[in-house]
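*Asks:* Please see the structure below; I have some questions.
The values are calculated or read from the model by the stated rules, or taken from the named source; none is laboratory data. Only a predicted model underlies this, so the values are computations on that prediction, with no experimental measurement involved. No Cβ is skipped: glycine too gets one built from the backbone with ideal geometry, and neighbour counts run over all protein chains shown.
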Amino acid sequence: MATRRRLLPAAAMAVTVGATGLAGAAPAAAALETQVNCTANPGALQPAIDAASPGDTLRVRGTCTGPFTIDKVLTLRGNGQAVLDGNSAGLPAVTIGDLGGSQAHVTLDHLTITHGNAGVGGGIRNNPSATVTLINSTVESNTAQYGGGIYTYGTVHLIRSTVRNNTAGAGGGIMSDTTVVVTLDNSTVERNSAGGGGGLYIRAGSTATLTHSTVRDNTAQVGGGITSEGTVTLNLVHSTVRGNTASDRGGGIDNGGTATLTHSTVERNTSQGGPGSGGGINQQSPSATVTLSQSQVRNNTPDNCAPSGSVPGCVG
């Protein structure tokens, strides 16, 4: 059941219409807020998404059964911690935009996205030119070949959100396509697993920035916490990569691009590939660079950084 009410614009303009005024000018349509009660009707959300106008807000209650597609500017806000359940239907739980490059801008606020199962993007597939922002939300228990929790061709921004317990062939928690932007603020990527990039897999040409965020307890063959491929720019600011495990190399970070750590820590990660496999940070090639600025790489097994001497300031 959906209940709609009109929201007042953020600012109002008083117009006096006179002989030389703006007679006949139509006021801008106000955004609508629609109540979607999935407790009463688990299938209510997708029809509400389809009926919504760009800029509207859907206030969601209960567990909604999907999967879901959102191809417009829209905010979904949970009452409590509402659930978007992909129903293990062989598709992403939530698909943002389309492959044609639509300008979808979607905010998911106080929601749990779960039970997606897809080739690309188990929990969320964010298509080209689309932007998705997660606020106080959780992406958990999804599976995919690429991007178990989230796969993004566009821009993704996590704020006070968590990506956990997802699995994939590559990018257990989050995987980017090429030349995209991934931003995490006060967020956590934990207990995800993959063949490469247990927590995050960032592909060539992309930029990933983690601020006051944590990547922990993820597992992979390569890059237990983070894998960066080729010309990636990876920035960690006041962030931690901790307790991740790789069966081959790069327990914490398997770095192929340019990484800068500022006031950050890589600690207690493990690589099971033996000495020189980069328990903390593994440098994929001589062209890969890591800059440590007031940051520490410590207590990793079997070593902190590999090859030895490849990361200035990293010893042991």
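*Asks:* Being part of a strand (DSSP E or B) and in contact with a Leu (Cβ under 6 Å, 6 or more places away or on another chain) narrows it down to one of A246, A194, A259, so name that one.
*Replies:* Going through A246, A194, A259 in turn, the sole match is A259.
*Asks:* Condition test on G101, is it under 20 Å from A168 (Cα atoms), among the small types (G, A, S) and assigned to a loop (DSSP other than H, G, I, E, B)?
*Replies:* no
*Asks:* Looking at the range 234-272, which of the residues that are of a type in the set (A, V, I, L, M) and under 21 Å from the mean Cα position of the chain (by Cα) is farthest from A208 (Cα to Cα)?
*Replies:* The qualifying residue farthest from A208 (Cα to Cα) is V266.
*Asks:* Report yes if L91 is among the hydrophobic types (A, V, I, L, M, F, W, C), surrounded by 17 or more Cβ atoms within 10 Å (Cβ to Cβ), part of a loop (DSSP other than H, G, I, E, B) and at pLDDT 80 or above, otherwise no.
*Replies:* Yes: the conditions hold for L91.
*Asks:* Oh, and also: Given the conditions (1) within 21 Å of T162 (Cβ to Cβ); (2) buried (at least 24 other Cβ atoms within 10 Å of the Cβ); (3) over 18 Å from the mean Cα position of the chain (by Cα), report the number of the one that L58 does not fulfil.
*Replies:* (1) is the only condition that L58 fails.
*Asks:* Next question, about the same structure. Based on this model, can you work out whether S285 counts as touching an Asp or Glu at 6+ places or on another chain (Cβ under 8 Å), assigned to a loop (DSSP other than H, G, I, E, B), free of Cβ contacts under 8 Å to residues at least 60 places away in the same chain and surrounded by fewer than 24 Cβ atoms within 10 Å (Cβ to Cβ)?
*Replies:* Considered against the rule, which asks whether it is touching an Asp or Glu at 6+ places or on another chain (Cβ under 8 Å), assigned to a loop (DSSP other than H, G, I, E, B), free of Cβ contacts under 8 Å to residues at least 60 places away in the same chain and surrounded by fewer than 24 Cβ atoms within 10 Å (Cβ to Cβ), S285 comes out as no.
*Asks:* So, in the range 130-156, exactly how many residues are part of a strand (DSSP E or B) and either in contact with a Phe, Trp or Tyr (Cβ under 6 Å, 6 or more places away or on another chain) or not small (G, A, S) (or both)?
*Replies:* Result for the range 130-156: 16.
*Asks:* Going by what's in this entry, would V311 be described as farther than 21 Å from Y201 by Cα, part of a loop (DSSP other than H, G, I, E, B), free of Cβ contacts under 8 Å to residues at least 40 places away in the same chain and aliphatic (A, V, I, L, M)?
*Replies:* No, not satisfied.
Per-residue answers, yes or no, for (1) surrounded by fewer than 24 Cβ atoms within 10 Å (Cβ to Cβ); (2) of a type in the set (D, E); (3) more than 20 Å from A246 (Cβ to Cβ):
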position: P128; (1), (2), (3): yes, no, yes
position: T133; (1), (2), (3): yes, no, yes
position: I159; (1), (2), (3): yes, no, yes
position: N166; (1), (2), (3): no, no, no
position: S176; (1), (2), (3): no, no, no
position: N186; (1), (2), (3): yes, no, yes
position: E190; (1), (2), (3): yes, yes, no
position: G199; (1), (2), (3): no, no, no
position: G205; (1), (2), (3): yes, no, yes
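*Asks:* If I ask for residues that are in a strand (DSSP E or B), among the small types (G, A, S) and within 15 Å of the chain's Cα centre (by Cα), which ones from the range 104-120 would you list?
*Replies:* Selection gives nothing.
*Asks:* For the range 198-217, which residues satisfy the criterion of being among the small types (G, A, S) and under 20 Å from V237 (Cβ atoms)?
*Replies:* G199, S206, A208, S213
*Asks:* Somewhere in the range 260-269, is a residue surrounded by 22 or more Cβ atoms within 10 Å (Cβ to Cβ), under 18 Å from G171 (Cα atoms) and in contact with a strand residue (DSSP E or B) (Cβ under 6 Å, 6 or more places away or on another chain)?
*Replies:* Checked against the condition, which is being surrounded by 22 or more Cβ atoms within 10 Å (Cβ to Cβ), under 18 Å from G171 (Cα atoms) and in contact with a strand residue (DSSP E or B) (Cβ under 6 Å, 6 or more places away or on another chain), the range 260-269 yields no hits at all.
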